[in-house]
1. Please find, within region 68-116, the residue that is farthest from Ile163 (Cα to Cα) out of those that are in contact with a Cys (Cβ under 7 Å, 6 or more places away or on another chain) and of a type in the set (A, V, I, L, M, F, W, C).
2. Looking only at region 173-218, filter to residues that are acidic (Asp, Glu) and more than 23 Å from Val141 (Cβ to Cβ); which one of those is surrounded by the fewest Cβ atoms within 10 Å (Cβ to Cβ)?
3. Could you identify the single residue in Leu176, Leu148, Leu183, Leu115 that is in contact with a His (Cβ under 9 Å, 6 or more places away or on another chain), aliphatic (A, V, I, L, M) and farther than 23 Å from Arg59 by Cα?
4. How many of the residues making up region 144-164 are crowded, with 19+ Cβ neighbours inside 10 Å, under 11 Å from the mean Cα position of the chain (by Cα) and in a loop (DSSP other than H, G, I, E, B)?
5. Taking region 165-204 on its own, how many of its residues are small (Gly, Ala, Ser) and either over 25 Å from His144 (Cβ atoms) or at pLDDT 95 or above (or both)?
6. If you check every pair at least six apart or on different chains, which have Cβ atoms under 6 Å apart with a residue in region 47-59 that is farther than 15 Å from Thr146 by Cα first and a residue that is surrounded by fewer than 16 Cβ atoms within 10 Å (Cβ to Cβ) second?
7. Please count how many residues of region 114-164 are at pLDDT 95 or above and at positive phi.
8. Please give the helices (runs of 4 or more DSSP H) falling wholly within region 34-118 in which 3 or more residues are more than 30 Å from Asp170 (Cβ to Cβ) and not aromatic (Phe, Trp, Tyr).
Amino acid sequence: MIESADEIEAKKKIRNETINNLNWTPQEKLFRQKPKFRSKTLKGYQVPISKAILIKFKRSCFGTYLDSFNCKQHQDKFLNDNKLNITKWDIKNFTSVEMNIFNENNNASDNLFSLLIKAVKETDCITWSFLYSHLCTLRMVDFHITVLDKDLLNFKNLQVLVISNNWVTDIHGKYLPRKLQFLESYANEVSNLENLCKNPPGNLLHIGLGRNKLTDGK
């Protein structure tokens, strides 16, 4: 049945009245201001996830080990073993505040420091190839990301990708890692699923799209 213009308008009015009469929590009020913040401060900027990943891992425990971040060092096992001993000593003597910062900087994946230890043991020179093949979980939350680009395909064994609370407007299925099973994109700006449905990973089991901009019919 095709709705008349009056019926559509009446539904919009009821929806708006319902929203305006709700008692919003402080967190929800902040969320409702998100588009206004975006339009004022970030309009015109594009932040691909590949660039955000570089920043995140430069801040992480891998930052002083990855060859691409330390090109002036001659990478070898002796150097990395010694750096790892220093890193372990630092962590052991962290204050609670320093430990919180360390955990925040290393929350891109589960047990990231354990993965670093594995990298030092197994390789002489730590490169992105190690991360591309070993990361199964990647969390890039609240990083002002606007675009999921094709560099994501480098993560050959990635199964879980969390990109909550960013500014992603469109998700291209063809750019998602082929072994991906879980995609959480809560609180983004996605308004259309057409590109997501084009060549998505065959084993994708979950797509979280809460608090995006999907409308009735999309």
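1. Leu116
2. Looking at the filtered set, the residue picked out is Asp216.
3. Exactly one residue qualifies, and that residue is Leu183.
4. 4
5. 3
6. Lys58/Phe69
7. Of the residues in region 114-164, 0 are at pLDDT 95 or above and at positive phi.
8. Output list reads 77-92, 96-105.
The values are calculated or read from the model by the stated rules, or taken from the named source; none is laboratory data. Fair warning: this is a prediction, and the values are worked out from it, not measured in the lab. A quick note on method: Cβ atoms are made from the backbone with ideal geometry, for glycine too, and the neighbour counts reach across all protein chains shown.
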